[in-house]
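The values are calculated or read from the model by the stated rules, or taken from the named source; none is laboratory data. Treat the numbers as computed from the prediction; the structure is a model and nothing was measured. Note that each Cβ is placed from the backbone with ideal geometry, even for glycine, and that neighbours are counted across all protein chains shown. Keep in mind that these areas ignore ligands, DNA and RNA; they rest on the heavy atoms of the full protein, side chains included. Shrake-Rupley method; radii C 1.70, N 1.55, O 1.52, S 1.80 Å.
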Amino acid sequence: IGTCRLNWIDEKTGKIERVCVLEKKKKKGIGKQVILEAEEWLKEQGANKILISSRIEAIGFYEKLGYKVDWSTREENGVFECVNTEKIL
């Protein structure tokens, strides 16, 4: 009902990508659980920083989880706007 993809930028920087929760299951804490589990796994593998590219409308969700927005990375691809966020572990 919820998923994400994990990637590495370098040996100490992980990236959480393509976070998705089924529409009918949103607002039930699933997305938060997905992120927290991904963070824990990345931390166990040696990451000390995590990046997430967020749609503008989801920024508040990530900020509540401790991510800081880098507004200088704001991009639009014709469908939606995204901005990079990061969290130091």
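Numbers below:
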{"quantity": "For the range 1-69, share of DSSP beta bridges that run antiparallel, in % to the nearest 5", "calculated": "65 percent"}
{"quantity": "Portion, in percent, of the accessible area of the chain that falls on carbon or sulfur, probe 1.4 Å", "calculated": "47 percent"}
{"quantity": "Unit charges at the beta carbon, dipole of the chain: most positive-side option, GLY60, GLN45, TRP8", "calculated": "GLY60"}
{"quantity": "Sparse-neighbour loop sites [trypsin sites (Lys or Arg not before Pro); the chain; at most 16 other C-beta within 10 Å; DSSP]", "calculated": "LYS12, LYS26, LYS27, LYS28"}
{"quantity": "Relative contact order of the chain, pairs being alpha-carbon contacts under 8 Å that are 6 or more residues apart, as %", "calculated": "26 percent"}
{"quantity": "Ranking by accessible area, most exposed first, for THR85, THR3 with a 1.4 Å probe", "calculated": "THR3, THR85"}
{"quantity": "Cα principal axis extents for the chain, largest first, Å", "calculated": "33, 31, 20"}
{"quantity": "Solvent-accessible area per residue for the range 1-67 (1.4 angstrom probe, square angstrom)", "calculated": "67 Å²"}
